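Here, each number is a calculation from the coordinates, and none is a lab measurement. Please read all numbers here as calculations on a predicted model, not as lab measurements. In this analysis, Cβ positions are derived from the backbone assuming ideal geometry, glycine residues included, and neighbour counts consider all displayed protein chains.
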Amino acid sequence: MTILKGKGIFGGIVFGRIKFYKRKKQAVKRYKVENVEFEINRFKVAKKTATEQLQQLYKKALLEVGEANAMIFEIHKMMLEDLDYQESIIGIIESQNVNAEYAISVTAKHFSEMFSSMEDSYMKERAMDVKDVSNRLLDILLNCSNDSEVLDEPYIIVADDLVPSETVQIDKNKVIGFVTQKGSSNSHTAILARTMNIPAIVAVNQPINESIDGCMAILDGFSGEFFINPDSKTIDALRKKQQEKNEYFELLQSLKGKPNITKDGKRINIYANIRNSNDVSAALQNDAGGIGLFRSEFLYLENSNYPSEDEQFTVYKDVVEKMSGKRVIIRTLDIGADKKIDYFNLPEEENPAMGYRAIRICLRRPNIFKTQLRALYRASAFGKLSIMFPMIISVSEVLEIKKMIKEVKNELLFENLEYSDDVEIGIMIETPAAALISDELAKEVDFFSIGTNDLTQYTLAIDRQNESLTDIYDPHHKAILRLIKIAAENAHKNGIWIGICGELAADVSLTETFLSMGIDELSVSPFFILEIRKKVIESNITNLKENLLCNI
Ligand code: PEP
Ligand code: MG
């Protein structure tokens with residue numbers, strides 16, 4: 001038996017035979033051509049066919065994995081249309097009198113090197129895409145295809161790497177999981193695997209080659225382990241684990257529709273964190289009581305220019321309507337620090353996490369902020385919408401926001417545009433300053449939501465992005481829990497409710513502590529909702545309360 005270890009990117013245990021997927025090498029030769037025009041035309045015809053294939057793939061992906069994930073094929077189509085890319089290919093054909101295949105492969109190499117050398121991680125990822133789209137052109141010109149190999153066999157696919165177009169073509173009835181030697185947990189391929197519910201492992205720690213083709217194997221997407229030719233002891237152990245996981249999953253499913261109430265009668269709301277309107281279906285499937293954090297900045301991040309008021313209104317309205325009367329908390333634009341957007345032209349800073357970001361940008365660039373507020377208030381006429389503001393540090397910021405809200409409402413009234421008068425206004429408590437003056441802030445807003453990701457970074461002075469400090473980035477630190485407790489007490493003293501929307505909300509080892517503090521809502525990734533419900537239902541905090549809180 002051989003055990004390979006990698007990063008499990010989607011949980012699930014599957015047993016099956018290995019299909020080693022080897023991309024056919026496109027042997028590109030350079031040869032001189034007599035008729036340059038004919039060669040350019042060959043490229044143009046291949047480009048047309050590739051565009052049609054990508055359109056088909058986009059349609060398939062749209063149905064199976066949603067719009068956000070299908071976008072990758074739109075990006076590929078845009079790459080094909082890119083004038084620099086086309087000019088490079090045609091230029092090589094014309095200047096060297098050579099074949100289209102050679103011109104494409106040289107251009108692909110040149111463009112992918114250029115993308116790889118870029119600082120921006122989004123642009124870096126495009127290196128893979130330009131290779132993918134160029135290989136498609138070469139496949140068409142050389143009349144060879146890899147796709148059928150991915151589709152045909154009902155096996156566990158093992159490959160050096162899979163590009164998104166290969167992943168999305170996987171037929172879930174035939175391919176039960178995949179393992180790749182390369183890849184990261186944030187790659188498009190990983191995101192697609194999660195969305196398609198395919199157990200998968202990436203970045204395995206040993207070289208893999210064709211010799212394992214056809215071997216029996218077990219893929220454990222929970223632990224990231226891949227067992228090749230497993231012995232009977234391992235098979236038994238993994239069958240048992242699989243059964244336990246299935247039973248646990250079924251148990252969680254049986255909790256759908258149940259209220260989130262502890263044994264001693266304490267009720268809590270469990271909401272979902274989302275990035276776009278496609279995520280709403282996962283929230284509803286997992287029985288979210290509402291949306292506790294809609295990170296609206298993704299709307300800006302996914303655009304190449306400022307989204308207009310109407311574009312934003314359409315998305316917010318869509319989410320609010322899909323949630324049919326359940327509370328939807330939309331957080332206003334939270335960019336800066338790690339979330340950079342080119343068209344904002346933000347200055348380079350020494351300490352971006354402590355710099356010009358979130359509400360600081362909005363209050364200094366009122367046109368952008370007011371456009372979003374107008375879209376939000378217009379959407380409020382279609383359901384139960386609440387608005388939340390990130391990175392607050394002072395009461396004066398809240399007063400300034402409220403002044404702008406008033407102006408926006410007056411404008412809408414004047415323009416005869418409908419909005420609700422019942423919009424709750426809340427703030428994120430994600431700076432130590434906000435937690436410590438939460439008694440004053442609570443008098444100005446309707447709710448608090450604690451952003452434990454930033455609260456941890458700012459309280460412990462540890463950059464949340466710094467991989468070398470992850471061992472001391474400790475959201476369980478007493479200082480963080482104490483700040484949460486202070487904010488909860490101040491919220492309740494002033495008659496407002498308080499939730500948590502940072503990652504810590506999903507940590508079931510703290511659910512009882514949060515219940516004891518009187519936290520009213522936990523907002524988490526949809527996948528964790530039922531697990532927290534289970535914990536809440538099993539809890540009895542009356543006897544625990546004193547113990548849990550006395551050490552904080
Ligand atoms: C947080 O800081 O905890 C939070 C929820 O916001 P984000 O992770 O988007 O910064
Ligand atoms: Mg934050």
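Quick one: if the Förster radius is 25 Å, what FRET efficiency do A479 and D338 give, using the C-beta to C-beta distance and rounding to 0.05?
Efficiency, rounded to the nearest 0.05: 0.65.
How big is the antiparallel share of DSSP beta bridges in the stretch 378-517, given as a percent to the nearest 5?
Taking every DSSP beta bridge with both residues in the stretch 378-517, the antiparallel ones total about 0 percent.
Rounded to the nearest 500, what is the chain's calculated 222 nm mean residue ellipticity when only DSSP H runs of at least 4 contribute -39500 (n - 2.57) each, over all residues?
That comes out to -15000 deg cm²/dmol.
Charges only on Cβ, +1 for Lys and Arg, -1 for Asp and Glu: so what's the dipole of the chain about the Cα centre, in debye to the nearest 20?
Roughly 1040 debye, rounded to the nearest 20.
Kirkwood hydrodynamic radius, the stretch 36-142, all distinct C-alpha pairs: what's the number in Å?
Averaging 1/r across every pair of different Cα atoms and inverting gives 14.2 Å.
Along the charge dipole of the chain, Cβ charges K/R +1 and D/E -1, which of I393, G290, V536 sits furthest on the positive end?
Toward the positive end, the furthest listed residue is V536.
What is the gain in length, in nm to one decimal, between L436 and E350 on full extension, counting 0.36 nm per residue of separation less the C-alpha to C-alpha distance?
Full extension from L436 to E350 adds 28.3 nm.
Convex hull volume of the Cα atoms in the chain, per residue, in Å³?
173 Å³
If you take every DSSP beta bridge fully contained in the stretch 264-550, what fraction is antiparallel? Give it as a percent rounded to 5.
Of those bridges, close to 5 percent are antiparallel.
For the stretch 36-142, what is the charge dipole size about the Cα centre, in debye to the nearest 20, if Lys and Arg each add +1 at the Cβ and Asp and Glu each add -1 at the Cβ?
Roughly 320 debye, rounded to the nearest 20.
Can you tell me the dipole magnitude for the stretch 264-550 around its Cα centre, using point charges on the Cβ only (Lys, Arg +1; Asp, Glu -1), in Debye to the nearest 20?
520 debye
Taking 0.36 nm per residue of sequence separation and subtracting the Cα-Cα distance, how much length would be gained by fully extending the chain between N35 and E210, in nm to one decimal?
Extra length available between N35 and E210 comes to 58.9 nm.
DSSP beta bridges in the chain, what fraction antiparallel, as a percent rounded to 5?
Here the share of antiparallel DSSP bridges comes out near 35 percent.
Between S509 and E52, what is the FRET efficiency for a Förster distance of 45 Å, r being their Cβ-Cβ separation, to the nearest 0.05?
0.30
Ordered by packing density, taken as the mean number of other Cβ atoms within 10 Å over each peptide's residues, highest first, how do 223-234, 66-77 rank?
Per-residue mean Cβ counts within 10 Å order the peptides as 66-77, 223-234.
Which three numbers, in whole Å and largest first, are the semi-axes of the equivalent ellipsoid of the stretch 280-357 derived from its Cα gyration tensor as √(5λ)?
The equivalent ellipsoid of the stretch 280-357 has semi-axes of 28, 15, 9 Å.
Against the longest principal axis of the chain, how steep is helix 121-142, in degrees 0 to 90 to the nearest 10, with axes from Cα atoms?
30 degrees
How charged is the neighbourhood of L549? Take every other residue with its Cβ under 11 Å from the Cβ of L549, and add Lys/Arg as +1 and Asp/Glu as -1.
Computed value for this residue: 0.
Which angle from 0 to 90°, rounded to the nearest 10, does the C-alpha axis of helix 232-253 make with the longest principal axis of the chain?
50 degrees
Tilt of helix 100-116 relative to the longest C-alpha principal axis of the chain, in degrees (0 to 90, nearest 10)?
30 degrees
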